[in-house]
Amino acid sequence: MLLLEILGVALEAVRANKLRSLLTMLGIIIGVGAVITMLALGTGARRSVEARIQALGANLLTLYPGQSMMRGVAQDARVSLTLDDAMALARDARHLVDVVPELARNLQVVRGNQNLNVNVVGTTPNYTQVRNYTLPAGRMFTAGDDETQRRYAVLGHAVPDMLNANARGMIGQSIQIGGAPFEIIGILSEKGGGGGWQNPDEQILIPLQTARYRVMGTDRLRSVTVQVESPERMNLAMIEIERVLRREHHIRPGEANDFMIRNQADVMSTFQETTQTFSFLLAGIATVSLLVGGIGIMNIMLVSVTERTREIGIRKALGATRFHILYQFLVEALVLCLVGGVLGILFGSLGAYALSRLAHWNTTIQPAAILLAFAFSFAVGLFFGIWPARRAASLDPIVALRYE
């Protein structure tokens, strides 16, 4: 009962100076709120990257043409990837499940009075399977459509909105691509843009042979996407791809590659690490605010000890022990920090929600982040409250009673 009475006295002391208590807690509120918001941003960004990897395919490699090298010096002419390179990879490279050549160019697209300039990709029917697309409306063109050079088009998810049209209603309609009429046969599922890559929802797919002979007139590919058997075999697949392409391009031993191999998962991982580092940096700055708030609490508690010196003397004269005085002032410091921590958690959660709704940033508040912030505020109160509490407990009752 005595400990509960001391707790009541400590809470009453906090309530007696509401404004001073609120100002004292302000540093804790801002620090905890900032920590919650920053960790929510970091967690949301990490999950967004993970979802992006799954959407694109974690076991994909993308090949791009590079620059020709002469005695270690890059030449002006870029070496091309061709359909022959794609066929050689499909035929000779082990550990590959699928090979998707992509012949792409920005072309004018016209529908009625709507006019766009979008990325048109000539590719094979396995494009949707390799890149984890579904077709909510219509269908993908077939190998037969590709061989017969049919003028079929499959629109990216955002293209109907760009043309101010209903997606399902466009199936079977005609659009002009590069001046030639194409029949719309399908609409791709949504992928979402971001990460610095061209938005995959703003593209149009057409059969590869149609693009080669009837639209673009070339077999020079923008890229080749390959699907590896499993993420564990990525390094082996890269070695095989390098072996095949060096042979096809007649590159001598010791000469640099004239092509680039990009591991999508590595690029995403780098982006993820950068985001995480930035989040930790901001969280560290927020932690400094917590420390400043803790110093403010210690300062106020020292002032409180000075103001209540006579009260401490009376309590000791009536039988209060050093532990009772220590307990009272330590509880006051902890209450200030914990209440500030709760308000900071609410403040940080509202901040994360506001960023999600207004700025459209991905934010995820994890229970572990709330527990971490609460525990840290408790630790700040305990650490910065001990010195004032010990100072109060060590006062001599006779000296305290004589204090004016």
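The values are calculated or read from the model by the stated rules, or taken from the named source; none is laboratory data. Being a predicted model, the structure only gives us computed values, none of them experimental. Here the Cβ positions follow ideal geometry from the backbone for every residue, glycine too, while neighbour counts run over all protein chains shown.
Is it true that some residue in region 322-343 is within 22 Å of the chain's Cα centre (by Cα), crowded, with 22+ Cβ neighbours inside 10 Å and at pLDDT 80 or above?
Checked region 322-343: no residue is within 22 Å of the chain's Cα centre (by Cα), crowded, with 22+ Cβ neighbours inside 10 Å and at pLDDT 80 or above.
Restricting attention to region 223-253, report how many residues are aliphatic (A, V, I, L, M) and under 15 Å from Tyr64 (Cα atoms).
Residues meeting the conditions: 6.
Can you tell me which residue is farthest from Met140 (Cα to Cα) among those in region 161-170 that are over 28 Å from the mean Cα position of the chain (by Cα) and not aliphatic (A, V, I, L, M)?
By that ranking, first place goes to Asn164.
Take residues that are touching a helix residue (DSSP H, G or I) at 6+ places or on another chain (Cβ under 9 Å) and of a type in the set (S, T, N, Q) and tell me which of the helices (runs of 4 or more DSSP H) falling wholly in region 321-404 contain 2 or more.
322-358
In region 344-367, how many are among the hydrophobic types (A, V, I, L, M, F, W, C) and at pLDDT below 80?
2
Check whether at least one residue in region 171-188 is closer than 30 Å to Arg47 by Cα and either hydrophobic (A, V, I, L, M, F, W, C) or within 30 Å of the chain's Cα centre (by Cα) (or both), and report yes or no.
There is at least one residue in region 171-188 that is closer than 30 Å to Arg47 by Cα and either hydrophobic (A, V, I, L, M, F, W, C) or within 30 Å of the chain's Cα centre (by Cα) (or both).
Whether any residue in region 33-49 is modelled with pLDDT of 80 or more, of a type in the set (Lys, Arg) and part of a helix (DSSP H, G or I) is what I want to check.
No; the residues of region 33-49 include none that is modelled with pLDDT of 80 or more, of a type in the set (Lys, Arg) and part of a helix (DSSP H, G or I).
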